[in-house]
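Below is one structure, written out as structure tokens, with a few remarks after it.
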Amino acid sequence: MSIRTLLVDDERPARRKMSRFLEAAADFEIVGEAGDGAEAMEAVERLRPDVVFLDVQMPQMDGFAVAAALKDPRPEIVFVTAHDKFALKAFEVHALDYLLKPYDEERFQKVLERIRKRRRGDGDLMERLQRMLGEIQARYPDRVLVTENERSFFVAVADLDWLEGARNYVVLHAGGKTHTIRGTLDALSKKLDPSAFVRVNRSAIVRLDSIHELQPWFHGEYKIVMKDGSTVSWSRRYVTSGFPERILR
């Protein structure tokens, strides 16, 4: 019986690459593809694949969120990631499979062989997946507590566009609104998923999906135009230390 396989990546060339490598594996059958997390959830429910190659870094709903939301019986998941160091450590600790971009066919085929072996008798794979997802979810909170005018409420991290440090306070820019919380940008940055947010200067962190345009500026710096119309400078120091490769693709 063939191993039913679903390919999930927000980049079509990445899905084509996986599809091409799977052509050499007669025992694997591609039953579908998905370009984002919502499509992936629907496809898993409808197609019931045995294995999902799941990109970690996708807009709106990333691979971890998809894996956490899947209902039993869950398919086996091979995470695909570009440069999430924490994710790599988590996969290794829990002996879960992953592909680190860019990967070649030899590495891809080794993953397929491990899938074959696990399907012949590794019953605790889903338990290890659940433990890993629990650790990742605990690391990156999904909401921020805001206290304003003697009332407290939560702002979803998914709604944050960018954050602005002001001494012992941080201004949250979310959906055209601003909220001020007590704390430092350094402390808050450690609680944000580095695959979604990036520090662009001493006093600002931006969500990558909220960037509208990058404009080259003076001395190797950039001016960031956010989707809400705000402009933020990307200083040369932070460009050289952490410019995300996926922005340049």
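The values are calculated or read from the model by the stated rules, or taken from the named source; none is laboratory data. Please read all numbers here as calculations on a predicted model, not as lab measurements. Note: ideal-geometry Cβ built from the backbone for every residue, glycine included; neighbour counts use all protein chains shown.
Counting just the residues of the stretch 1-38 that are hydroxyl-bearing (Ser, Thr, Tyr) and surrounded by fewer than 18 Cβ atoms within 10 Å (Cβ to Cβ), which one comes out nearest to the chain's Cα centre (by Cα)? Per the criteria, the residue is Ser19.
Taken across the stretch 186-195, residues that are modelled with pLDDT of 90 or more and among the aliphatic types (A, V, I, L, M) do not occur at all. Would you pick out the residues in the stretch 69-102 that are at pLDDT below 80, outside any loop (DSSP other than H, G, I, E, B) and either more than 10 Å from the chain's Cα centre (by Cα) or not assigned by TED's automatic domain parsing to the domain that holds Arg12 (or both)? Result: Lys85, Phe86, Leu88, Lys89, Ala90, Phe91, Glu92, Val93.
Under the condition of being touching a strand residue (DSSP E or B) at 6+ places or on another chain (Cβ under 7 Å) and part of a helix (DSSP H, G or I), which residue from the stretch 15-38 is nearest to Leu112 (Cα to Cα)? Checking each candidate, the answer is Leu22. Among residues of the stretch 39-50 being closer than 27 Å to Pro194 by Cβ and in contact with a strand residue (DSSP E or B) (Cβ under 8 Å, 6 or more places away or on another chain), the one that is surrounded by the most Cβ atoms within 10 Å (Cβ to Cβ) is Ala40. Within the stretch 174-187, the set of residues being surrounded by fewer than 19 Cβ atoms within 10 Å (Cβ to Cβ) and either more than 18 Å from Arg143 (Cβ to Cβ) or under 24 Å from the mean Cα position of the chain (by Cα) (or both) comprises Gly175, Gly176, Thr184, Asp186, Ala187. When restricted to residues that are within 13 Å of Glu164 (Cβ to Cβ) and either surrounded by 20 or more Cβ atoms within 10 Å (Cβ to Cβ) or not charged (D, E, K, R) (or both), the stretch 211-234 contains 6.
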